[in-house]
Amino acid sequence: MKLVAPRSLTVRLALLFALATLLTFTLVGSYLYYSLARQLENHDDQELQGKVTLMRHLVGKAASVQAIRQDPHLFIDAGLGHDDLLLILRSADGTPLLDTRPDVGSLPALPLTAADRMPDRESRLNLRTSTGLPVRATALWARIDSSGEQVQVIVAHNTSDSLAMLASYRNQILGAALAGAAFAALLGYVLLRRGLQPTRLIAQQAHLITAQRLDRGLDVASAPYELQQLVVAFNEMLDRLHDSFQRLSQFSADLAHDLRTPINNLMVQTQVALGQPRTSEEYQGLLESNVEEYERLARMLDNMLFLARADHAHVALSFEVLDCHLELQRIADYFEGVAADTGVRLSIDANAQVRADPILLRRAISNLVANAIRYTAPGQTVQLQAQHADGATVISVSNPGPPIADAAIPRLFDRFYRVDPARSDSASSTGLGLAIVQSIMKLHGGQVDLSRSADQLTVFSLRFPNAQE
């Protein structure tokens, strides 16, 4: 499957790097921009403060308002060398006394600070004149010492150069942020491609794995540390798949073997019977023999159908609280004839109750009892027990038969698996009994265990949870 470029992890991470870089540069640039703007504003305020102090002093030393109107040169001289400074003097009634920069237009009305106070920061405002010139201005009352008259003093500083500097600085920051983001995206893309090279090697190794080569896992040592857990998990998944494929292959072989025997019997017997004329009694014997084979095939198909339905949880359960002693006695009565024919005794020791589906419970226990009788020598006893243990009901079937090899235990509950590789008992067993027991226990949320007791008994235990006390 071809990957679409925008969905590439490398491209996405590179774009995220670019976005992170752009955001970082923007935040840093904004901080530097506002720091510079604050410094320029403080510089203008210091200059305004100096001029305001000087103007208040000069007004205080003037003879009168009329003297200021007639000879303003002292105030004009104080502003020499400061082309960006605007100075406006007005009488108490607002009559103009002096305006050093009438060409820039008039200023909006400003709040006037009292004569006995210095203008604070709040009284310094960023304004525009009637011609659009940006200024930072402040206004106050000044008192003439000799006459007590008050004069309006307005001092403004042209901030157009500062604003132009800030605009240029802002554009530079924006350009640097965009260039840095583009460089980060390019550099991130290159570094990510090199950094993700191990993932491409892992992908190449994965492409070599086929259904016939599931045992060939990925090389953990060649994977980066961050991907080693993923590689280990992938290899473990391959091991499970390999084991499942092996079991499936073995299941197919076992199924073919078990189906071949009754079909061959039917075919050979029928061919022999048709080889020459037979009496009606011989044909009747043939049909009876064929019926046994058909019944065996029907049981096998029924068991396989049950396992298939159990695997997909399509078996409806009807839970009931059952008396274990009564259920075990019923099963013992059912197998009484078979046990007597083989010289095996059945004993029951049960004093518990279990919450289970009665039909499936009897089927599971019956499969275990049938196996126990088959592998128990004449004169020996098969024990059926039930008791409460650790919040569960445990039903066990024990027999003194030969011990099961350790190598066979992991596959004991596989379908069609038999401990005897020669399958000498294939005529009486379909090899599905223990697989059905395990499926029934899974449906009940329980489990089946195999153990060897201290007195050398083979013990199959059915553990049912949520037992009724």
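The values are calculated or read from the model by the stated rules, or taken from the named source; none is laboratory data. Everything quoted here is computed from the prediction, not taken from an experiment. So basically every Cβ, Gly included, is an ideal-geometry build from the backbone, and we count neighbours across all protein chains shown. The area values use the complete protein model at the heavy-atom level, side chains included, leaving out ligands, DNA and RNA. Shrake-Rupley method; radii C 1.70, N 1.55, O 1.52, S 1.80 Å.
Looking at 310, 298, 273, can you tell me which residue is part of a helix (DSSP H, G or I), closer than 30 Å to residue 359 by Cα and at pLDDT 75 or above? Steps first, please.
On the way: 310 fails: at pLDDT 75 or above; 273 fails: closer than 30 Å to residue 359 by Cα.
Of the residues listed, the single one that is part of a helix (DSSP H, G or I), closer than 30 Å to residue 359 by Cα and at pLDDT 75 or above is 298.
Table: residues versus (1) of a type in the set (Lys, Arg); (2) in a helix (DSSP H, G or I); (3) under 26 Å from residue 29 (Cα atoms).
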| site | (1), (2), (3) |
| --- | --- |
| 170 | yes, yes, yes |
| 179 | no, yes, yes |
| 192 | no, yes, no |
| 230 | no, yes, no |
query: Taking the range 343-384, which residues are of a type in the set (S, T, N, Q), touching a helix residue (DSSP H, G or I) at 6+ places or on another chain (Cβ under 8 Å) and surrounded by 16 or more Cβ atoms within 10 Å (Cβ to Cβ)?
result: 353, 366, 367, 371, 376
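Only one of these is of a type in the set (Val, Ile, Thr), at pLDDT 80 or above and in contact with a helix residue (DSSP H, G or I) (Cβ under 7 Å, 6 or more places away or on another chain): 268, 231. Name it. Outline the logic, then answer.
Values: 268 fails: in contact with a helix residue (DSSP H, G or I) (Cβ under 7 Å, 6 or more places away or on another chain).
The unique qualifying residue is 231.
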query: Which residue, of 12, 38, is among the charged types (D, E, K, R), open to solvent by 80 Å² or more (accessible area, probe 1.4 Å) and at pLDDT 85 or above?
result: 38
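Of the residues in the range 52-74, how many are open to solvent by 80 Å² or more (accessible area, probe 1.4 Å), among the basic types (Lys, Arg) and within 22 Å of residue 118 (Cα to Cα)? Spell out how you get there, then give the answer.
Taking the range 52-74 first, the residues open to solvent by 80 Å² or more (accessible area, probe 1.4 Å) are 57, 61, 66, 69-71, 73-74.
Now restrict to residues that are among the basic types (Lys, Arg): 61, 69.
After this cut, where a residue has to be within 22 Å of residue 118 (Cα to Cα) as well, the list is 61.
Matching residues across the range 52-74 total 1.
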field: Residue check, residue 28 within 60 Å of the chain's Cα centre (by Cα) and in a helix (DSSP H, G or I)
entry: yes
query: Scanning the range 385-412 for residues that are under 19 Å from residue 433 (Cα atoms), small (Gly, Ala, Ser) and buried (at least 17 other Cβ atoms within 10 Å of the Cβ), which turns out modelled with the lowest pLDDT?
result: 401
task: Pull up the range 207-221, narrow it to residues that are in contact with a Phe, Trp or Tyr (Cβ under 8 Å, 6 or more places away or on another chain) and open to solvent by less than 50 Å² (accessible area, probe 1.4 Å), then point me to the one that is modelled with the lowest pLDDT.
output: 214
message: If residue 316 satisfies all but one of (1) more than 26 Å from residue 435 (Cβ to Cβ); (2) open to solvent by 60 Å² or more (accessible area, probe 1.4 Å); (3) not polar (S, T, N, Q), what's the number of the condition it fails?
response: (1)
message: Would you confirm whether or not the range 428-435 contains a residue that is hydrophobic (A, V, I, L, M, F, W, C), at pLDDT 85 or above and surrounded by 15 or more Cβ atoms within 10 Å (Cβ to Cβ)?
response: no
- prompt: For the range 138-147, does any single residue satisfy the condition of being surrounded by fewer than 18 Cβ atoms within 10 Å (Cβ to Cβ), without any contact (Cβ under 8 Å) to a residue 60 or more places away in the chain and not in a helix (DSSP H, G or I)?
  reply: yes
- request: Tell me which of these residue 77 doesn't satisfy, since it passes every other one: (1) assigned to a loop (DSSP other than H, G, I, E, B); (2) modelled with pLDDT under 85; (3) surrounded by fewer than 18 Cβ atoms within 10 Å (Cβ to Cβ).
  value: (1)
message: Going residue by residue through the range 105-126, is there one that turns out to be open to solvent by less than 40 Å² (accessible area, probe 1.4 Å), not in a loop (DSSP other than H, G, I, E, B) and not hydroxyl-bearing (Ser, Thr, Tyr)?
response: no
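Can you pull out the residues in the range 87-104 that are acidic (Asp, Glu) and either assigned to a loop (DSSP other than H, G, I, E, B) or surrounded by fewer than 12 Cβ atoms within 10 Å (Cβ to Cβ) (or both)?
Step one: filter the range 87-104 for residues acidic (Asp, Glu), giving 93, 99, 103.
Once the filter is applied, which keeps residues that are acidic (Asp, Glu) and either assigned to a loop (DSSP other than H, G, I, E, B) or surrounded by fewer than 12 Cβ atoms within 10 Å (Cβ to Cβ) (or both), the range 87-104 yields 93, 103.
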- prompt: Where residues in the range 349-358 are aliphatic (A, V, I, L, M) and outside any loop (DSSP other than H, G, I, E, B), which of them is farthest from residue 319 (Cα to Cα)?
  reply: 350
statement: The lone condition residue 197 fails out of (1) at pLDDT below 75; (2) open to solvent by 70 Å² or more (accessible area, probe 1.4 Å); (3) not acidic (Asp, Glu) is (1)
- prompt: What tally of residues in the range 44-82 results from selecting those that are farther than 15 Å from residue 139 by Cα, touching a residue at least 12 places away in the same chain (Cβ under 8 Å) and not aromatic (Phe, Trp, Tyr)?
  reply: 15
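Between 236, 292, which is acidic (Asp, Glu), at pLDDT below 80 and either more than 30 Å from residue 445 (Cβ to Cβ) or open to solvent by 90 Å² or more (accessible area, probe 1.4 Å) (or both)?
Details: 236 fails: at pLDDT below 80.
The conditions single out 292.
In the range 39-71, how many residues are among the hydroxyl-bearing types (Ser, Thr, Tyr) and farther than 19 Å from residue 122 by Cβ? Even if it seems obvious, please write down each step before you answer.
Initially, the range 39-71 is screened for residues among the hydroxyl-bearing types (Ser, Thr, Tyr), giving 53, 64.
Filter once more, so that each one left must be farther than 19 Å from residue 122 by Cβ: 64.
Qualifying residue count, the range 39-71: 1.
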query: Give me the pairs: first residue in the range 151-164 and closer than 11 Å to residue 44 by Cβ and touching a residue at least 40 places away in the same chain (Cβ under 8 Å), second residue open to solvent by less than 20 Å² (accessible area, probe 1.4 Å) and of a type in the set (Gly, Ala, Ser), beta-carbon distance under 6 Å, and six or more apart or on different chains, which are they?
result: 156/137
